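Let me begin by presenting the structure, written as structure tokens, before commenting on it.
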Amino acid sequence: MRSPVQKCPGDFFMMKKEKLYIFDTTLRDGEQVPGCQLNTVEKVELAKILEGMKVDVIECGFPISSPGDFKSVQEISKVVKDSTVCALSRAIEKDIDAAAEAIREAARPRIHTGIGTSDYHIKYKFNSNRDDILERAIACVKYARKYVDDVEFYAEDAGRTENGYLAKVVEKVIEAGVTVVNIPDTTGYCTPEEFGAKIKYLKDNVPNIDRAVIAIHCHNDLGMATANTLAGIMNGARQAEVTINGVGERAGNTALEEVVMAIRCRKDFPVYTDILTRHIMKASREVSTLMSMPVQPNKAIVGRNAFAHSSGIHQDGVLKNRENYEIINPEDIGLNDSNIVLTARSGRAALKYHLNMLNISLTEAQLDVAYERFLKLADSKKDINDSDLKMIAGVAQEHSGQRIKLDFLQVVCGKGSVPMATATLDVDGEKCTATSGGNGPVDAAFGAVRKIIRRRITLEEFLIQAITRGTDDMGKVHVEVRNRGNIYYGFSANTDIVTAAVEAYVNAISKIVWKREESTI
Ligand code: KIV
Ligand code: ZN
């Protein structure tokens with residue numbers, strides 16, 4: 001267990017810090033976004049990532065809402081051991097029954113139940129009154145406590161709930177046995193001052209408030225979710241409810257990475273978290289990929305430009321001392337040191353520097369090939385990322401010193417036309433050209449190559465993989481060819497998939513060693 005006292009470099013005194021519990025609701029509130037639904041396997045995978053980064057509580061679904069959600073919560077309960085596994089329910093007995101059943105096998109189960117407490121919800125959602133809602137709140141907590149010791153209560157739309165009534169509800173649900181009281185700003189309406197004051201009001205006016213943890217759950221409708229969460233923490237909240245990348249309905253929830261890094265980076269918060277921040281980037285990418293939800297480039301902490309210094313003045317300043325322009329070390333969130341953006345104007349040294357950061361070292365000849373490839377790619381693609389660099393390095397290692405190279409390729413294809421290809425190969429400096437038809441662009445291009453090579457070459461395996469993030473991304477091609485009983489492998493990657501295919505084919509063919517005079521070229 002980590003000590004609750006952290007020494008802050010530069011502080012003149014030791015500030016006593018309390019633990020802030022991180023409650024992640026990516027799999028519940030985050031997953032409610034239309035088009036972002038995940039299947040059970042994907043949810044289990046994400047839950048393991050969250051557990052790996054030491055999230056304290058994983059809210060993994062709303063079991064009554066669908067058999068799929070029920071199953072996911074059940075499966076996550078079986079595998080997650082270190083984090084608390086939480087299931088959502090309304091203040092309705094059959095909801096609570098379903099939640100309890102779904103988390104039955106969890107090592108640390110929690111039921112999250114609650115009801116709307118604002119006058120809007122009381123009048124227009126429940127057609128009820130404050131006393132009735134208070135009774136239902138108490139009853140649902142008591143009912144959930146029959147199943148588990150760890151019960152969290154949410155006062156939905158607490159952001160717009162009158163403070164006096166909210167304090168009464170909080171006091172009564174604590175009396176009924178909750179461990180955590182969640183104060184959500186469901187509509188994202190509050191300002192930081194107002195929200196902070198609400199938490200302070202509860203701290204000052206609920207007599208038994210010390211018997212429960214205050215949680216805050218903010219939505220980002222006015223772009224203030226993180227600010228409101230931090231204001232809540234400054235005023236006594238000790239559980240922050242967040243999602244990775246801030247995903248969630250409408251403008252989303254508070255982003256985990258923003259709260260965790262704000263607390264880590266600024267020394268003046270009275271709390272610490274146990275989050276392993278180096279896992280943040282991986283979690284962000286995984287959520288973005290699985291939910292098909294791109295992260296905006298300028299998103300704080302995890303956006304691809306968050307650490308990208310592109311202006312000359314900033315690049316110079318960062319290279320002299322990164323703290324001139326960086327308040328967070330990119331490595332702290334699991335990013336390699338890629339703070340200098342690679343563009344078509346970058347030199348060989350910048351490319352080498354980036355490859356070294358990826359632990360890739362190339363010979364000078366390989367670097368020549370890599371640099372040539374890099375410049376072509378940078379012309380056709382805006383952002384060169386680490387996978388592009390790995391790909392370029394792989395191609396450079398394969399292709400440097402290659403005796404036969406693809407020098408030119410033109411392909412005609414499309415609906416209603418006969419695929420035709422013209423290829424020029426550079427064989428030991430000599431250019432040879434041939435044209436061929438085929439049943440498709442790749443077949444035609446391979447035919448043209450075979451006409452030049454005039455060898456008995458059989459294509460044994462041909463594998464194209466699109467690395468699809470955008471249409472300007474590279475595709476990878478692996479081929480396997482046979483000549484005189486021997487197998488040769490070829491590889492290439494290119495934004496033009498037909499070119500990648502032919503380059504991979506030529507790469508494999510160039511490994512077939514035969515004497516120049518023996519060649520029929
Ligand atoms: O935003 C909200 O109020 C919620 C509750 C169900 C906790 O998501
Ligand atoms: Zn919510």
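List of remarks:
- Amide H to amide H, with H built 1.01 Å from N, H219 comes under 5 Å of D185, G188, counting only residues 5 or more places away or on other chains.
- The mean accessible area for residues of the chain, using a 1.4 Å probe and ignoring ligands and nucleic acids, is 46 Å² per residue.
- Using a Förster distance of 51 Å, the FRET efficiency for N356-Q410 (Cβ separation, nearest 0.05): 0.85
- Acute angle (nearest 10 degrees) that the helix 348-357 long axis makes with the longest principal axis of the chain, alpha-carbon atoms: 50 degrees
- Most simply put, the stretch 23-133 has about 0% antiparallel DSSP beta bridges, counting only bridges with both residues inside it.
- Our coupling estimate for the stretch 171-177, obtained by passing each phi through the Karplus curve with A = 6.51, B = -1.76, C = 1.60 and θ = phi - 60°, is 4, 6, 6, 5, 4, 6, x Hz, Gly and Pro reported as x.
- Distances between placed amide hydrogens fall under 5 Å for G114 paired with S89, A91, Y154, all partners being 5 or more residues away or on another chain.
- Between 0 and 90 degrees, the angle of helix 497-509 with respect to the longest Cα principal axis of the chain falls at about 50 degrees.
- Heavy atoms of T499 accessible to a 1.4 Å probe, total area in Å² rounded to 10: 30 Å²
- With every protein chain in place and a 1.4 angstrom probe, the accessible-area ranking of M234, M291, largest first, reads M234, M291.
- Computed extension gain for L276 through D210, at 0.36 nm per residue and net of the alpha carbon distance, reaches 21.0 nm.
- Here's how it looks for K19: its modeled amide H is under 5 Å from those of Y272, which are all 5 or more places away or on a different chain.
- The order of D56, D428 by accessible area, most exposed first and with a 1.4 Å probe, is D428, D56.
- Dipole of the chain [Lys/Arg +1, Asp/Glu -1 at C-beta], most positive-end residue of T458, Y120, S492: T458
- Cα gyration tensor shape for the stretch 84-132, rounded if a/c is under 1.5, else prolate or oblate: prolate
- To the nearest 10, the accessible area of K282 is 120 Å² with a 1.4 Å probe.
- Near K198, once Lys and Arg are set to +1 and Asp and Glu to -1 for all other residues with Cβ below 13 Å from its Cβ, the sum equals -3.
- In order along the stretch 100-106, phi translates into HN-Hα couplings of 4, 5, 5, 9, 3, 8, 5 Hz, rounded to whole numbers, per the Karplus curve 6.51 cos²θ - 1.76 cosθ + 1.60 with θ = phi - 60° and x for Gly and Pro.
- Rel. contact order, % - alpha carbon contacts under 8 angstrom, at least six apart, the stretch 16-290: 20 percent
- Taking θ as phi - 60° and the Karplus parameters 6.51, -1.76 and 1.60, the scalar couplings of the stretch 242-259 work out to 9, 10, 5, 6, x, 5, x, 3, 6, 7, x, 9, 4, 7, 3, 4, 6, 5 Hz in sequence order, x denoting glycine and proline.
- Taking the C-alpha atoms only, the angle from helix 130-145 to the longest principal axis of the chain is near 70 degrees.
- Share, in percent, of DSSP beta bridges within the chain that are antiparallel, nearest 5: 50 percent
- When all protein chains stay in place and ligands, DNA and RNA are ignored, the 1.4 Å accessible-area order of Y154, Y371, largest first, is Y371, Y154.
- Theoretical ellipticity at 222 nm over the chain - DSSP helices of four or more residues, -39500 (n - 2.57) apiece, nearest 500: -11500 deg cm²/dmol
- Which listed pairs, of K142/K203; K71/K299; K352/K382, have C-alpha distances above 25 Å, in listed order: K71/K299
- Dipole orientation for the chain: of the candidates C218, G347, V369, V369 has the Cα lying most toward the positive pole (charges on Cβ; Lys, Arg +1; Asp, Glu -1).
- Within the accessible area of the stretch 16-290, the carbon and sulfur atoms contribute 50%, probe 1.4 Å, all protein chains present.
- Cα gyration tensor shape for the chain, rounded if a/c is under 1.5, else prolate or oblate: prolate
The values are calculated or read from the model by the stated rules, or taken from the named source; none is laboratory data. Quick caveat, the model's predicted, so the values are computed rather than measured. Positions of Cβ are backbone-derived with ideal geometry, glycine not excepted, and every protein chain shown enters the neighbour counts. Ligands, DNA and RNA are stripped out before the accessible areas are found, and what is left, the full protein with its side chains, is counted by its heavy atoms. Shrake-Rupley method; radii C 1.70, N 1.55, O 1.52, S 1.80 Å.
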